[in-house]
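Worksheet for the structure shown next.
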Amino acid sequence: MKRYLFLLAATALLGQVHRVTAQTTASSQGQSMDHLISTVIRSSAVNPNTVTKPANSPSSPPMSSADMRRCCEKIDRDIQRVYFLRNRIGRMKLQVRGVYTHGAALFFSLQLNNRSPLDYDVDSIAFQITGAAGRQVSPVNARTLAPFYVFDSTATVRGHSRVTSIFVLPRFTLPAGRQLTIHVFEKNGGRHLQIETGNYTLERARPV
């Protein structure tokens with residue numbers, strides 16, 4: 001009888017140990033599964049510092065430097081094609097001589113004509129997409145276009161002289177309510193020149 005009671009007690013004790021072990025194993029497996037799911041979710045989140053740009057990103061030049069130079073040399077020998085895009089302050093004038101296209105690039109031929117005896121030191125030349133006439137766009141929303149290539153750029157326009165520079169930009173068109181604004185700023189001076197144009201000019205770009 002005593003042996004029988006001892007066997008019953010031993011069986012009950014082993015059953016409790018088995019249940020505790022099973023619960024501990026299940027809990028451990030559950031924690032491992034939770035950790036795995038958490039790791040997968042974190043790994044699926046997009047890290048902005050690791051996002052790669054597409055191959056056709058505007059940061060890539062539309063053609064080789066040699067091709068852009070050949071196109072610019074051809075444009076430089078061409079006659080003036082545009083006459084209505086100009087701006088004058090005093091005896092200083094900015095003129096768009098022509099707009100050209102080749103592949104995925106647009107070429108802007110700009111001429112600065114200084115008819116005064118004072119040299120004109122160029123601080124910067126900027127191409128921006130801004131609000132069209134009558135529509136205000138804050139400077140934050142203005143988009144600046146960075147040229148890929150500049151041909152025959154000059155820092156100073158001597159008195160009674162003129163210079164021509166060609167700027168190569170990625171091909172683009174303008175959305176409704178926007179215009180292209182070309183700024184030329186004088187260093188340590190106030191003869192700021194500015195020209196505005198729209199899709200009318202861009203859509204009539206001359207093939208190179």
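Listed values, structure above:
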quantity: Exclusive hit being touching a residue at least 12 places away in the same chain (Cβ under 8 Å) and closer than 19 Å to residue 74 by Cβ, set 183, 192, 102; calculated: 102
quantity: Flag for residue 184 being part of a strand (DSSP E or B), touching a helix residue (DSSP H, G or I) at 6+ places or on another chain (Cβ under 6 Å) and either at pLDDT below 95 or not hydroxyl-bearing (Ser, Thr, Tyr) (or both); calculated: no
quantity: Residue 173, sole failed condition from (1) farther than 20 Å from residue 69 by Cα; (2) assigned to a strand (DSSP E or B); (3) under 20 Å from the mean Cα position of the chain (by Cα); calculated: (2)
quantity: Single residue of the range 70-125 satisfying the filter (among the hydrophobic types (A, V, I, L, M, F, W, C) and in contact with a Pro (Cβ under 8 Å, 6 or more places away or on another chain)) that is nearest to residue 184 (Cα to Cα); calculated: 106
quantity: Number of positions in the range 182-208 that are of a type in the set (Val, Ile, Thr) and more than 19 Å from residue 154 (Cβ to Cβ); calculated: 3
quantity: Single match in 122, 96 (criterion: modelled with pLDDT of 95 or more, touching an Asp or Glu at 6+ places or on another chain (Cβ under 8 Å) and either closer than 26 Å to residue 81 by Cβ or basic (Lys, Arg) (or both)); calculated: 122
quantity: Any hit, the range 133-143, residues being in a strand (DSSP E or B) and closer than 28 Å to residue 71 by Cα; calculated: yes
quantity: Residue satisfying all of: in the range 165-180; modelled with pLDDT of 95 or more and surrounded by fewer than 17 Cβ atoms within 10 Å (Cβ to Cβ); farthest from residue 149 (Cα to Cα) among these; calculated: 173
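The values are calculated or read from the model by the stated rules, or taken from the named source; none is laboratory data. Every value quoted in this text rests on a predicted model; they were computed, and no experiment measured them. Note that each Cβ is placed from the backbone with ideal geometry, even for glycine, and that neighbours are counted across all protein chains shown.
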